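The values are calculated or read from the model by the stated rules, or taken from the named source; none is laboratory data. As the structure is a prediction and not an experimental result, all values here were calculated from the model. Every residue, glycine as well, gets a Cβ built from its backbone with ideal geometry; the counts of neighbours run over all protein chains shown. All accessible areas refer to the heavy atoms of the entire protein, side chains included, with ligands and DNA or RNA removed. Shrake-Rupley method; radii C 1.70, N 1.55, O 1.52, S 1.80 Å.
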Amino acid sequence: MRYSRVLKIRELTTTIYFIMLLRNHIGQKKNWVSDSQKPKTIRDFFYKIASVFFISFLLLLSAISISLAEDSYPNNLYWGDTHVHTYLSSDAFSTGTRITLDQAYRFAKGERVRASGGQYASLRRPLDFLMIADHAEDMGAFAALSKGEKVIKDKNKLAELITNLVSLPTAKDIVNSKTEDEFIALQNRLIYAKGLKQTKFNLDQSFRKKVWDEVVDEAERHYEPGKFTTFVGYEFSASNNGMTHRNILFLGSPDETKSILPFSSYHSNDPNDLWDFMTQYKRETGGDVISIPHNSNLSRGQMFKNETFDGERLSYSYLKTRAEFEPVIEVTQYKGDSETHPLISPSDDYADFERGWYDSLIGSNNDSISLKKENAKNSYARSILKNGLRLESQFGINPFKVGLIGSTDTHTGLATAEEDNFWGGLAYEEPSPYRARGYTLNSGSAGYAAVWADSNTREAIFSAIKRKEVYATTGTRITLRFFAGWDFQASDLDQPNLVELAYKKGVPMGGDISRSQNRKPLSFFVTATKDPIEANLEKIQIIKGWQDKDGILQEKIFDVAVAPRIKKCVKTDEKNCSLASSQAGSYSNKDGSESLQAFWEDPDFDADEYSFYYVRVLQIPTPRWTTYDAALFNKDYSANQLVNERAYSSPIWYSP
C-alpha cells in the first residue's frame, strides 16, 4: 500500500514564512528598497519580482519534495495496549482493583503509581497508546455502590450488594498476608466475589451516561497527539457456551463517542447485533469503529464457528460485515496464547505455549479428543486463517483476513507485560510470596500491540490497525518488518534503504498480493531486531497456510533465519541460564543474535492456490515470571521455569 501525506507542519510553516516575506517585501508603500537599489527601469522592476517569485517557488517545491521523500511509507513503530481494565469493571473492582482511569493512563505514560495492593509500580519504558476497555456490563456499578450510591432500584438487592462489597478484603490485605493459609482464605473471598460480575443490575440510563461520559472525558484529557494516544472503547463480554468477548475501539470526536452508550451482552450475545450497533454509530456520526475478538482460545470453538450465532448457514452479507468490522484479533494476553495448539498443529515444536488457562477450563473437560480438535480449529488464529481461504473460495470473500495484535487484558489497571515486572491479571495477584498458586500459575505475562504508522495520533494508528500493518508480541519489544513481492533479490538485504525498496517492490504485513505474469516464485523479506533490554533472538520462522488443489487446508513452518547455538540453556546450567531461584533472570546472551534477517522464496509456491504467510520470531529461552518470584521470595514453584518470548506478524495473503 502506498502512502500519501500532506505537508509536515514544519515544512508548511517554512513555506508560509517565505511567502509572507515576499508579501511584505512587495507590499510596503514606502522605502521598500534604498534609493541605490530602486529599479531604474520597468524591466528591472519585473526582473526583481520574477526572481523573488522563482526563488519562493523553488522553496515550496523543495519542501514538498522533502516531505514526500521522507514520508512515502510508515517508518515509526508504536507500542500499546488495547485491553486494560480499571476499577470501573465489575470483576476488577470485586477482586480488589482500585486503579482509576486517570491512574491507568498515567501508568501507561511511564509515571509511578501506587497499585491497589499498596506497592508502587511503574514501566521501564512508557507505552505510546492505550485503550481502557472496561466491561460494558454494569460498568461503574460496583464502584458507585461501594460509595453508597443507590444505582439499583431493588432495595433488597441494593442492601445485599453494598454489604457484600464493603465487607470484602482489600488487595492490600491479601498481598500483605502473613501466612499462605491467610492468603488463600482472603483470596477465596475475592474469587467468590468475582462471580458478582454476573449480576444484571438494570442500571438507570442517566447513571450509565455519567459513567460513559467519564470514560470519554478521561480519554480526551490524556490524549497528547504526537506523544501519547488514547482510544475511547469498552469490552463487549458476550458468552455462547464459551468466551466470545470483543473490545470495541472508536474513532471519533467527544461529541460523537458521547452520542452512544455501550452496546453490551445484556442487549444481545449475538455479534451480528453488535455489528448493527457499530453500523449505526458510523452512519449517524461519521466516525469509525472496529471490534477486536480476544481470548478465542477459551471460546470452545464459538468465536469463529462455521455458522451464525443462531446456528444458521453463513451468507456473503454476514461474512462481509464481519470482515469490515473485525480487521484484527488479539492473539496473546495473560489468559493464554491463541496462535495455535498442539491438537491442531502437532508438528509445531512451539505450539505448546502458555496454555494453562485452556488446559484448566477446556482441556480438562470430558469432551472427546475429536470434539476438542474441532473446537480448537474454530478458536485459534492459524486455523481460522486457513478456514478463511476456504470461505473465500466458496463465497468470494475472506472474513478471516485478520491482522494479529497482543494486549494484556489486565484487570489491575497496570499495562505490564514483562516477565520480571508482572503485576498479575487481577489485583489479588499482585506480587506477594503466595500468589504463584492456583489459576495465577496459569497466567502469562503478555502482551502488547506493535503498530507501524506515520505519527502517534488516533487517525494514524487507527488507519494502521485497519490495514493490518501491525503485529503481536508477548511483551518483548522486538522490531519486526515483513514484506512479500515478485522482484525481491537477496542482494537487496545489503542495501541501506532496504525498507524503502521493500515498499516499492512489494507489500508489507497485512497486505495482499496477486498473481504475477512473470511466473516467478513469491519471495519475502523479513527483518527482526531484539528488544534493546531483552534477550537475543533465536530464530525467524515463516508459517504458510494454503488450500491445495483437492480443497484440503494445509500448513507448513519454515525456519528462514536461525541464530547460532553456543551453549544450550538447560535447567542444570545455573551459570548461564540461572534457573536456580537465587540466580533468576541472569540468562546468557551467548546464544542467539541481536538481529536476524532473511530473503526467502517459497519452494512450494503454486500460483493457482490461495495462501497466506506470517512470521513468528522467537527469543532465546528466558526465565518466566514464576522464576523471578521464586528468586525474590525464596520459593520453589512447579510451574514452567522458561519461556520463549515471541512476536507474530500480521499475515500477507496471496490470491491467484
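Apart from one condition, residue 425 fits all of (1) part of a loop (DSSP other than H, G, I, E, B); (2) in contact with an Asp or Glu (Cβ under 8 Å, 6 or more places away or on another chain); (3) open to solvent by 10 Å² or more (accessible area, probe 1.4 Å); (4) not acidic (Asp, Glu); the exception is (3).
Here residue 107 meets the list (1) in contact with a strand residue (DSSP E or B) (Cβ under 6 Å, 6 or more places away or on another chain); (2) outside any helix (DSSP H, G or I); (3) buried (at least 22 other Cβ atoms within 10 Å of the Cβ) almost entirely, failing just condition (2). Answer yes or no: is there a residue in the range 209-224 that is of a type in the set (A, V, I, L, M, F, W, C) and either within 26 Å of residue 296 (Cβ to Cβ) or without any contact (Cβ under 8 Å) to a residue 60 or more places away in the chain (or both). Within the range 209-224 (the criterion being of a type in the set (A, V, I, L, M, F, W, C) and either within 26 Å of residue 296 (Cβ to Cβ) or without any contact (Cβ under 8 Å) to a residue 60 or more places away in the chain (or both)), the answer is yes, since at least one residue qualifies.
Go through (1) within 30 Å of residue 388 (Cα to Cα); (2) open to solvent by less than 10 Å² (accessible area, probe 1.4 Å); (3) not in a loop (DSSP other than H, G, I, E, B) and name the single condition residue 219 misses. It is condition (1) that residue 219 fails. Considered as a group, the residues in the range 508-526 that are surrounded by 21 or more Cβ atoms within 10 Å (Cβ to Cβ) and in a strand (DSSP E or B) include one that is nearest to the chain's Cα centre (by Cα), and that residue is 508. Suppose the filter is surrounded by fewer than 23 Cβ atoms within 10 Å (Cβ to Cβ), closer than 16 Å to residue 88 by Cα and small (Gly, Ala, Ser); does residue 143 pass it? Yes; evaluated as a whole, the condition is true for this residue. Residues being touching a residue at least 24 places away in the same chain (Cβ under 8 Å), more than 19 Å from residue 329 (Cα to Cα) and part of a loop (DSSP other than H, G, I, E, B) are entirely absent from the range 353-364. In this structure, does residue 192 turn out to be closer than 30 Å to residue 450 by Cβ and outside any loop (DSSP other than H, G, I, E, B)? No. When 362, 369 are checked against the criterion of being open to solvent by 20 Å² or more (accessible area, probe 1.4 Å), in contact with a Leu (Cβ under 8 Å, 6 or more places away or on another chain) and either among the aromatic types (Phe, Trp, Tyr) or over 26 Å from residue 128 (Cβ atoms) (or both), 369 stands alone in meeting it. Of the numbered criteria (1) outside any helix (DSSP H, G or I); (2) at pLDDT below 95; (3) closer than 17 Å to residue 409 by Cα, the one residue 434 fails is (3).
For beta carbons closer than 7 Å, sequence separation of 6+ or different chains, a first residue in the range 183-203 that is at pLDDT 90 or above and a second that is of a type in the set (Asp, Glu), the qualifying pairs are 186/173. Here is the figure for the range 437-456: residues that are part of a loop (DSSP other than H, G, I, E, B) and in contact with a strand residue (DSSP E or B) (Cβ under 6 Å, 6 or more places away or on another chain) total 3. Every condition in (1) more than 28 Å from the chain's Cα centre (by Cα); (2) surrounded by fewer than 24 Cβ atoms within 10 Å (Cβ to Cβ); (3) farther than 26 Å from residue 212 by Cα is met by residue 174 except one, and the failing one is (2).
Within the range 590-628, the residues that satisfy the criterion of being closer than 24 Å to residue 537 by Cα, open to solvent by 10 Å² or more (accessible area, probe 1.4 Å) and either assigned to a helix (DSSP H, G or I) or aromatic (Phe, Trp, Tyr) (or both) are 599, 600, 628. Among the residues of the range 493-504, some residue qualifies, meaning at least one is open to solvent by 60 Å² or more (accessible area, probe 1.4 Å), closer than 21 Å to residue 77 by Cα, free of Cβ contacts under 8 Å to residues at least 60 places away in the same chain and not in a loop (DSSP other than H, G, I, E, B).
Residues in the range 287-323 that are on the phi > 0 side of the Ramachandran plot and touching a helix residue (DSSP H, G or I) at 6+ places or on another chain (Cβ under 7 Å): 300, 301. Considering the range 222-239, and only residues there that are assigned to a loop (DSSP other than H, G, I, E, B) and open to solvent by 10 Å² or more (accessible area, probe 1.4 Å), the residue that is nearest to residue 293 (Cα to Cα) turns out to be 237.
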